[in-house]
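Structure first, then comments.
The values are calculated or read from the model by the stated rules, or taken from the named source; none is laboratory data. Quick caveat: nothing in here was measured; it's all calculated off a predicted structure. Heads up, the Cβs are rebuilt from the backbone with ideal geometry, glycines too, and the neighbour counts pull from every protein chain shown.
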Amino acid sequence: MAVLRIAFLKPDHGVAGGLEAVVSELEAIARADGHEVARLGVDMRPARAEVAGLGIPRDVWDRAPEYFPYLAGWDAFERLDVRRFDVVVSTQPPSFAVRHPRHLSVFYHHHRLCYDLEETYLAAGFVDEPAIHREAARLVRELDQPALEQVGWFLAGSETVARRLEAFNGRTNASVLHAGLIVGDRAAPADDGGRRDGAVLTVGRNEFPKRTELVVAAAHLLPARRVALVGTGGRDGWLRTLDHRFATGAIDPASVDPASLWCTTGRDVDEVTDELRTNVEHAGRVSDDELARRLAAAPCLVAPALDEDYGLTAIEAMAAGCPVIVCTDGGGLAELVADGETGLVVDPTPTAIAAAIERICRDGELAARLRAGGRARAAELTWDRAADEWRDALDRVAS
């Protein structure tokens, strides 16, 4: 393939997660292949309440906080001058609003609160006026559709994502990118058979609907087990509140309705003033080296997110020989795990998660089988393979 000038389009939400790491990897692959690569960003946190130069009254803006910032970002991407580039690569929404005849979309999700998570978001109570949100969501979908129809090829983050594209937009011009490890040893060292006496882990951003709350509840069903929550987010206070309420007996983890834990705004936060300690460690953000150390020592990792786009954390755990527990409605996470072979797939309840943790911790034969199966699965998901998937998709739009 000839040398291409490629623009990667990336919305800036002020956070760095798995998708940001994947985009950086693809940029590095493109540069290694000799292409000229640039990144064009748009700040999705507008300083002023306006869209396309039109001021929006603040009270109107605040009544649809998921709508107007999206419109502002959409307008900014649509106005980008990308004529000097041979190919544009959109990433998160609304970067696919860009206008270019050779457009590849590395697509991991829609503006999900206006698509597959719309009703769940409303049920959680985030919106005071549901009718306004539903209308805004309808308008977002109406706005997105023609832009998505102009995309030459989609490189979907998982089969789950590809199915969403077909269901919501009728788009079938898609292949799947199987991203590899971001954190951990890409050489996938052999299992040393050593004892894993570290804490049970869950790793990720503490946001809706990652459902870290289910792991906190499961931990209180297993008081003899140490459980560490690695990551930060807007629901940190809510997780600490739940931890305290379980410890004091205010909530019974065995009988609580699971949805009442995670399908909420997470704003009902207590001011905890006592020194009560529990078996839950709120570890916060850790370095890559520290995460790798914890994965190597953990008996298992729980990834409880709802309908996840992919599941880099699960792959990293598998590569480290750490058995993975995911939920039946985990989307891309559930795609990665063959129940009983490369991990365990369970119902999204504290009791089911706690039972799965105990199975792995108590059944050495099962744990060994899951470690071996997980390592083999992770070994299939290499960046060499992902690079070939990327090149194939790039060739589809560039040729």
Item to check | Residues of region 206-235 satisfying the condition of being within 18 Å of A124 (Cα to Cα) and not hydroxyl-bearing (S, T, Y) | outcome: N206, E207, F208, P209, K210, R211, E213, L214, G233, G234, R235
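Would you confirm, using the coordinates I've provided, whether V151 is touching a His at 6+ places or on another chain (Cβ under 7 Å) and either surrounded by 17 or more Cβ atoms within 10 Å (Cβ to Cβ) or not basic (K, R) (or both)?
Yes, satisfied.
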Next on the checklist: Could you go through region 207-220 and let me know if any residue there is at pLDDT 95 or above, under 25 Å from G311 (Cα atoms) and of a type in the set (S, T, N, Q).
Outcome noted: yes
Next on the checklist: Scan region 120-133 and tell me whether some residue there is within 30 Å of E316 (Cα to Cα), among the aliphatic types (A, V, I, L, M) and not in a helix (DSSP H, G or I).
Outcome noted: no
Checklist entry - Is it the case that some residue within region 41-54 is in contact with a Pro (Cβ under 8 Å, 6 or more places away or on another chain), β-branched (V, I, T) and on the phi < 0 side of the Ramachandran plot? => result yes
Next on the checklist: Tell me yes or no: at least one residue of region 107-115 is buried (at least 20 other Cβ atoms within 10 Å of the Cβ) and in a strand (DSSP E or B).
Outcome noted: yes
Next on the checklist: in contact with a Cys (Cβ under 6 Å, 6 or more places away or on another chain), in a helix (DSSP H, G or I), assigned by TED's automatic domain parsing to the domain that holds H103 and not aromatic (F, W, Y): which single residue out of V140, V161 fits that description?
Outcome noted: V140
Item to check | Residue tally, condition among the small types (G, A, S) and touching a Phe, Trp or Tyr at 6+ places or on another chain (Cβ under 7 Å), over region 225-278 | outcome: 1
Checklist outcome for this item: Checking L276, L295, L291 in turn, the sole residue that is in contact with a helix residue (DSSP H, G or I) (Cβ under 6 Å, 6 or more places away or on another chain) and under 30 Å from L370 (Cα atoms) turns out to be L295
Item to check | Only one of A334, A303, A319 that is buried (at least 24 other Cβ atoms within 10 Å of the Cβ) and over 19 Å from V227 (Cβ atoms) | outcome: A319
Checklist entry - Mind checking whether some residue in region 48-67 is part of a helix (DSSP H, G or I), in the same structural domain as P130 (by TED's automatic domain parsing), surrounded by 15 or more Cβ atoms within 10 Å (Cβ to Cβ) and in contact with a helix residue (DSSP H, G or I) (Cβ under 7 Å, 6 or more places away or on another chain)? => result yes
Checklist outcome for this item: Residue pairs qualifying under the 8 Å Cβ cut-off, at least six apart or on distinct chains, with the first in region 1-18 being aromatic (F, W, Y) and the second being crowded, with 17+ Cβ neighbours inside 10 Å and outside any strand (DSSP E or B), are F8/V23; F8/L26; F8/E27; F8/T91
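Is it fair to say G343 is within 24 Å of E119 (Cβ to Cβ) and crowded, with 17+ Cβ neighbours inside 10 Å?
When the stated conditions are applied, G343 does not pass them.
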Next on the checklist: Please go through region 32-47 and give me each residue that is surrounded by 13 or more Cβ atoms within 10 Å (Cβ to Cβ) and at pLDDT below 95, ordered by number.
Outcome noted: G41, V42, D43, M44, P46
Next on the checklist: Given the options G180, G194, G184, name the one that is touching a Phe, Trp or Tyr at 6+ places or on another chain (Cβ under 7 Å), modelled with pLDDT under 95 and part of a loop (DSSP other than H, G, I, E, B).
Outcome noted: G180
Next on the checklist: Here is a list: L239, L221. Which entry is surrounded by fewer than 21 Cβ atoms within 10 Å (Cβ to Cβ) and out of contact with any Lys or Arg (no Cβ under 8 Å at 6 or more places or on another chain)?
Outcome noted: L221
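Per-residue answers, yes or no, for (1) in contact with a Gly (Cβ under 9 Å, 6 or more places away or on another chain); (2) in a helix (DSSP H, G or I); (3) more than 21 Å from V280 (Cβ to Cβ):
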residue: D329; (1), (2), (3): no, no, yes
residue: A354; (1), (2), (3): no, yes, no
residue: C361; (1), (2), (3): no, yes, no
residue: E365; (1), (2), (3): no, yes, yes
residue: G374; (1), (2), (3): yes, yes, yes
residue: R377; (1), (2), (3): yes, yes, yes
